[in-house]
Amino acid sequence: MKYKIVVVWLILLGLAFAGETPYTSKNQLNINSATLSQIEELPVSPDLAKRLYDHVLYQGYFKSIYDLRQVQGVDQDLFEILKPLIRIEPFSPLTSVQEKIEQIYFRLDRWSSSEGVNDAFVDLWIEKALDPMNVNTARYDQLINLQNVSPVDAVAILKHRNDIHWFRDQRDLRRTPGLSNYAYRTARYFLDYEDTETIGWHGNVLMRMNNTPFMAAQADQSSEAGLSAISGDVRSGYTMLPNMYYKTRVSYGEHIKVGVSYTRNLSEPNHYLNESGIRIPDVKYYLGFQNYNWGAFNLHKVFVGNYKVTFGQGVVMENTDFYTPRKSGYGFRKRFTGISGDNSRTREFTLRGVAAEADFYNFSAIGFFSLDARDAIMNRTPFGPDSLQSFNQFIVLDQRFEYALDDSIRGPNNLGLSWLNSVNEMTYGGHLQYDFIPGTYLGMSYYESLYDHPLDPNPYEIASRDYSGQENWERRQVTADAEIKQSYGGEISRGHSALWSKAESFRRVYGIDFQTVLGNMVLQGEYGQLDKGSFSSNPGALVLSAYWQFPTFNILALYRNYDLGFDNPYQRSFSNYHRFKGTIYEDYYYLQSALYGQLYENSPQSQAEEGFYLSSFYQMSRKLTGRFEYDNWMRKSDAAKHYRLVGTVDYRPVYPLTIQLRQKWQAREEQNSLTKNMYYKNLEFRGRMRMRLSNFDSFDMLYASSKLIVHPRPRVFGDIVLDGSALAATYIHNFNKSLKFSGMLAYYQGFLWNFEDTQFVVMDSRRGAIRYWLSMYARLDHHLSLRMKYTAEHQKPISNVAFNPTAATVESNPDKRYNAMWLRNSGNMYFIELNYNF
């Protein structure tokens, strides 16, 4: 009785203190659905009302009246006052998709915003995270494309399933012999253990906008060509437009896939499928059907529209615009195999048509057909006795303008030779494979491309600013240009086809590939040939690799050998440099247009080289791990030998603290019988200290230094030494699971590469610069997230004073004998991304 009297007295005291409230024991407030203004009418302070509202918004519904005590500021006395005024109604249960999103929202944040990962992987991972596959019926080709799953891991899962007949739960998966810890920790998010109810319509919508400029070399080319994206002015009627990327991926159950995407780079015009009436943007799209079975015949995938194709180790076929150095197929250099719908930012080497993937008993096959346009540099001089307009090289453009702005001869007022969609290409091919056991197979690949223009890769049409093209070409005695001279084309490429009456030239590539898994070891290889009429003398490309995997140790050994004449535009196999490295195409100032330097800068094709690569990871203890990479290779064009050695040590003396030390040595031989003054040496050190704080917060500090030593040009004596250094600090703070802020402050001088939130950036400043960025990531509800980032960079100013004692200026002060200049280059960049998962 005394207790009830005290409670009533506290309630009355609270009401008198807080003022009148419309809520009583008979008119209670449902706090789970209340607005902020309704909560402010409770006998609480405005700050506490905001905390109650934020709790529901960011941390979820109150499940019990006693959950109020978890909110800061609600003590026992106030709780007794609020208890009769508030009711907790049952909240709406989450759908199965919402539950999955809540469980892995941090991974969706990482995947969907990743710019350095194959888009096919991202789409697959998001798809299988929201609608997991049954591990008891999964195939090898499905398991191998999961994150961090190696061939050893995929075969281990299949073997263990065969031994125990059925995975009951996650514990059975964890006990799989031979399954690595990294594979288990990621695969568990994509796998289920029974056939669950099929999800209806689900998918992902992404919109990304930023004004991040090009990297250093492309920026120099664009600036010389006068593009407004770099110079900041408006030329030729083009306005400053940001980078835009839209992507939509929708699935219905496990059978139907639909995707649409659109990409526009910085300051380039919009492109449309039609120019009259209602203009439709030139989007990429696909419609896919998968997982249909008729007895022993299984139709895995069929795609109509834009699609991606990858065979083996990427020697014969992998259609992407982006080059990845040292793409081994393991770890962060993993390669998606098979076919998939293409929602990527690839715009040059797209395939548009139809593709299918199926198997019958132990045989599996992929077939595809495509008809699409290509950007290419057209030759000014007609080709052959028929005087047909020929093309020189395909080119991946940063900005897809109709003409190269500084090439007046090919411009609209002269020859009018646009490089935009200038060549139509019909490509068809396939891959036939026989699986002996899971993980062990032998395959054959083939494709043929037909072009509606003759192919004539004449370097004199590109390599000089004068019409003849010969002066600058012959002035350069650099044998690396042999890679240009060995480009495929000319009379050997001329031909017609019964399949396409417009065909004027062709290219044909075929190859074989194999793989076998022996316990914890994987052996892989692929060999391809470019058809030039003679099997014994055709140029070829070979990749062989061996991979051993243990619980705390792995090692990869890889050998590659690419002939100089193996000019396959779809080759994306392992290499340290991409095509035309060291050639005149790298020196854009020798070319007829500075923008033709993109032949090298944006080339996704592997360089002709021979070398041996070795990498390993070893966890010596729970506190200490080490990694190393060693590569020794020879560039085929000039027999220049290179080596690269990288060692990384991670030490964790206590759990929240990690210290990482990374050292790189890279060099090229001083000279050989073919070339002189080739020597360079690059030394790079990076030390990082990361402190993991509470609530998944972290604080990073980075110190980097580098030294580049190169032989000078003949007219300069002594070596050139370019030093670089950087200091940076990064902080990440999670206010809760729905709101995160991060930022970095850095000073650097020289060359620096770094990961900034979700972006990989390369910077260079000879004088020094201060750079900082601030990023916010917010989950607005169960489905929608927003990321915003602001970046600023301020270069050290230039201050020059020129004194001339003999000349007076025409200004009002006749005694003035000097001119002064003060210049500071600054940049302001933004990044906005909306992501909707459903």
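For ARG161, ARG380, write out the residues from largest to smallest accessible area, computed with a 1.4 angstrom probe and no ligands counted. Please list the in-between numbers first.
Numbers: ARG161 50, ARG380 20 Å².
The most accessible residue leads, giving ARG161, ARG380.
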- Message: Could you sort ASP764, ASP406, ASP321 by their accessible area in this structure, using a 1.4 Å probe and putting the largest first?
- Response: ASP764, ASP406, ASP321
- Restricting to aspartates and glutamates and to Cα separations under 13 Å from LYS63, and discarding same-chain partners fewer than 8 apart, the set is GLU89
- Message: At a 10 angstrom cut-off on C-beta neighbours, averaged per residue, how do the peptides 268-279, 135-146 rank from highest to lowest?
- Response: 135-146, 268-279
- What is the spin-label model distance, in nm, from LYS664 to ALA358 if the labels are put 7 Å beyond Cα along the C-beta direction? 4.7
- Item | Two-site label geometry, TYR747 and GLN59: point separation in nm, points 7 Å out along Cα→Cβ | 4.1
- Full-stretch length increase - GLN28, PHE332 - with 0.36 nm per residue and alpha-carbon distance subtracted: 103.9 nm
- Of all accessible surface on the stretch 474-567 at a 1.4 Å probe, what whole percent is carbon and sulfur? 59
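Once you list every other residue whose beta carbon is under 13 Å from the beta carbon of PRO656, what net charge do they have if Lys and Arg are +1 and Asp and Glu are -1? Walk me through the intermediate numbers first.
On the way: positive: LYS623, ARG652, ARG690, ARG692; negative: ASP697, ASP700.
Here the count lands on +2.
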- LEU727 versus ARG69, label points 7 Å from Cα toward the beta carbon: distance in nm? 5.0
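Which whole-number percent is the relative contact order of the stretch 303-386 (Cα, under 8 Å, 6+ apart)? All intermediate terms of the calculation are to be shown ahead of the outcome.
Working: 120 pairs, mean separation 25.0, N = 84.
Across the stretch 303-386, relative contact order equals 30 percent.
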- Task: Calculate the length of the line joining the C-alpha centroid of the stretch 342-377 to that of the stretch 18-75, in whole Å.
- Result: 57
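Give me the accessible area per residue for the stretch 120-161, probe 1.4 Å, as a whole number in Å². Don't jump to the answer; show the numbers that get you there.
Numbers: 920 Å² over 42 residues.
Accessible area per residue: 22 Å².
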- Note on the structure: Taking R0 as 51 Å and r as the Cβ-Cβ distance between MET689 and SER536, the FRET efficiency 1/(1 + (r/R0)^6), rounded to the nearest 0.05, comes to 0.30
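Pairs LYS327/LYS581; LYS247/LYS308; LYS327/LYS532: which exceed 25 Å Cα-Cα? Provide the component values of the computation, followed by the final result.
Working: LYS327/LYS581 17 Å; LYS247/LYS308 16 Å; LYS327/LYS532 27 Å.
Violating the 25 Å Cα-Cα cut-off are LYS327/LYS532.
Using only the heavy atoms of the protein chains and a 1.4 Å probe, how would MET444, MET521, MET691, MET244 rank by accessible area, largest first?
Numbers: MET444 110, MET521 40, MET691 60, MET244 15 Å².
So the residues, ranked largest to smallest area, are MET444, MET691, MET521, MET244.
Classify the stretch 515-655 from the C-alpha gyration tensor, please: rounded if a/c falls under 1.5, else prolate or oblate depending on whether a/b exceeds b/c.
The shape class here is oblate.
The values are calculated or read from the model by the stated rules, or taken from the named source; none is laboratory data. These numbers come from a predicted model, not from an experiment. Here the Cβ is made from the backbone with ideal geometry for all residues, glycine too, and neighbour counts use every protein chain on show. With ligands, DNA and RNA removed, areas are computed over all heavy atoms of the protein, side chains included. Shrake-Rupley method; radii C 1.70, N 1.55, O 1.52, S 1.80 Å.
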